[in-house]
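Scroll down for the structure; my scribbles are underneath it.
No value in this document is a laboratory result; all are computed from the given coordinates. Note that this is a predicted model, so its numbers are computed, not measured. Positions of Cβ are generated from backbone atoms using ideal geometry, with glycine treated the same way; all protein chains shown enter the neighbour counts.
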Amino acid sequence: MPFTALTSRMVEAQVIPGQTLFSQRGAMLAYRGDVRFTPSITGGQRGVRGMIGRRVAGEATPLMTVEGQGTVMFGHGGHHVQVIDLVGDTLYVESDRLLAFDGSLRQGTMFMGSQGGVMGMVRGQVTGQGLFTTTLEGYGSAAVMAHGGVLELPIGPGRPVHVDPQAYVAHRGDVRNKLSTAIGWREMVGRGSGEAFQLELSGNGMVYVQASEEKL
């Protein structure tokens, strides 16, 4: 169920019989055809365990199930929208940034401490994203929201990317992250970058960075 960018802040999705789409509640702008919207308490995580897991993790952004046949236009809050296509890999993103995504993608929640131990938890607090994040895995597309547009930066072996934690949007692939402090003699004399913390991502994949340090 591919998404098509209409503008930098709106996308259109094809709704096909027998397939499901999930979206944030209130994200539907307009639609054509015979399309049904129903509240979803599991959000792609099957059964009661999925619902409980989302609520415990704090990743329970209200979602709608979209089914039927037609086209739906999505947008929310005037935020910029980035379409990310997954081909068997995993996307790590905060639930409140998910505008809409294919129902074929397996959704889960991950404890941030499992990526970088204690520093993973510190990262969650510094970025304001909490201790858990949402994962989408499989084949399909997701529409992700950001402030001021999104830049895609490739991550490769021996080529880590350093990101301002507040500008971080999401990442995909086999990527490890750690938080480091940038306070040194240059900062003490006012000649440094001015950023107290930096998020280092290494491995093989892609990181998405927004053109703002403002959280949604």
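Near Gly88, once Lys and Arg are set to +1 and Asp and Glu to -1 for all other residues with Cβ below 12 Å from its Cβ, the sum equals -2.
Could you work out the local net charge near Glu200, counting Lys and Arg as +1, Asp and Glu as -1, over the other residues with Cβ closer than 9 Å to its Cβ?
Details: positive: Arg176, Lys178; negative: none.
Local net charge: +2.
A crude spin-label estimate for the pair Gln14 and Glu213, with each label 7 Å from Cα along the Cβ direction, gives 4.3 nm. Label positions at Leu153 and Gln69, each projected 7 Å from the Cα along the C-beta direction, are separated by 4.6 nm.
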